1. Given the conditions (1) within 15 Å of the ligand (Cβ to nearest atom); (2) in a loop (DSSP other than H, G, I, E, B); (3) closer than 23 Å to PRO164 by Cβ; (4) open to solvent by 80 Å² or more (accessible area, probe 1.4 Å), and given that LYS51 satisfies all but one, which numbered condition is not satisfied?
2. Please identify the pairs in which a residue from the stretch 31-52 that is under 16 Å from LEU131 (Cβ atoms) has its Cβ atom under 6 Å from the Cβ atom of a residue that is more than 16 Å from the ligand (Cβ to nearest atom) and in a loop (DSSP other than H, G, I, E, B), counting only partners at least 6 apart or on another chain.
3. Kindly establish whether PRO26 is over 20 Å from ASP146 (Cβ atoms), in contact with a Leu (Cβ under 7 Å, 6 or more places away or on another chain) and open to solvent by 50 Å² or more (accessible area, probe 1.4 Å).
4. Within the stretch 129-139, is there a residue that is open to solvent by 70 Å² or more (accessible area, probe 1.4 Å), over 18 Å from ASP68 (Cβ atoms) and touching a residue at least 24 places away in the same chain (Cβ under 8 Å)?
5. Limited to the stretch 100-121, what total is found for residues that are within 16 Å of the ligand (Cβ to nearest atom) and over 22 Å from the mean Cα position of the chain (by Cα)?
6. Quick one: in the stretch 58-80, of everything that is free of Cβ contacts under 8 Å to residues at least 40 places away in the same chain, open to solvent by 30 Å² or more (accessible area, probe 1.4 Å) and aliphatic (A, V, I, L, M), which residue is farthest from the ligand (Cβ to nearest atom)?
7. Checking ASP14 against (1) touching a helix residue (DSSP H, G or I) at 6+ places or on another chain (Cβ under 8 Å); (2) among the acidic types (Asp, Glu); (3) exposed (fewer than 10 other Cβ atoms within 10 Å of the Cβ), which single condition isn't satisfied?
8. It is to be established whether one or more residues within the stretch 68-81 are modelled with pLDDT of 95 or more and more than 17 Å from ALA33 (Cα to Cα).
Amino acid sequence: MSNAFDDLFAANADYAADFALSGLAPRAARGLALVTCMDSRIEPLQTLGLKPGDAKILRNAGARVTDDTLRTLVLAAYLLEVDRVLVMPHTRCKMASVSGDDEVHDLIEREHGVDTRSLEFGTDNDQLGALRHDLERIRHHPLLPDGLPVAGALYDVDTGRVEPVDA
Ligand SMILES: [Zn+2]
């Protein structure tokens with residue numbers, strides 16, 4: 001059996017020995033759903049002054065609002081007390097620095113010999129345009145509550161600052 005995960009399970013033993021989050025409610029205590037990138041430079045809770053239990057965090061490559069993001073937001077809004085949505089991509093995101101999906105497909109094929117063209121990566125080098133498009137997708141979704149506050153912001157991975165966009 002692979003020991004590729006041993007470090008994680010060992011760390012968890014320490015974590016669970018001193019577990020402080022027992023009894024936390026499953027709802028979002030501060031009503032926030034945050035859509036952000038999977039980028040490991042982002043610490044979503046600390047960045048926005050949140051603590052565990054405060055927010056639903058939805059992450060993917062590029063912080064794009066996909067069909068799965070919308071599905072999750074519908075559940076979060078009606079079942080988990082989410083009453084505001086912030087979409088927060090970041091500076092120097094690979095997903096916004098390429099010319100398009102073709103560049104990523106070509107890169108993976110060249111370096112790994114795998115043809116990924118059956119996937120849509122949602123890259124867009126007009127990052128703010130993509131963000132505004134995604135905000136509109138949420139605002140106009142027929143199943144999300146009317147008047148749900150939806151805002152965008154850009155996280156700067158070099159300064160930690162969050163700049164509101166179309167808030
Ligand atoms: Zn990113």
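The values are calculated or read from the model by the stated rules, or taken from the named source; none is laboratory data. The structure presented is a predicted model; accordingly, all values stated were derived computationally and were not measured. When we count neighbours, we look across all protein chains shown, and the Cβ atoms used for this are built from the backbone with ideal geometry, even at glycine. Only protein heavy atoms, including side chains, enter the accessible area calculation; ligands, DNA and RNA are left aside. Shrake-Rupley method; radii C 1.70, N 1.55, O 1.52, S 1.80 Å.
1. (1)
2. Filtered contacts from the stretch 31-52: ALA33/VAL82.
3. yes
4. yes
5. Number satisfying all stated conditions: 2.
6. LEU79
7. (1)
8. The answer is no, given that none of the residues of the stretch 68-81 is modelled with pLDDT of 95 or more and more than 17 Å from ALA33 (Cα to Cα).
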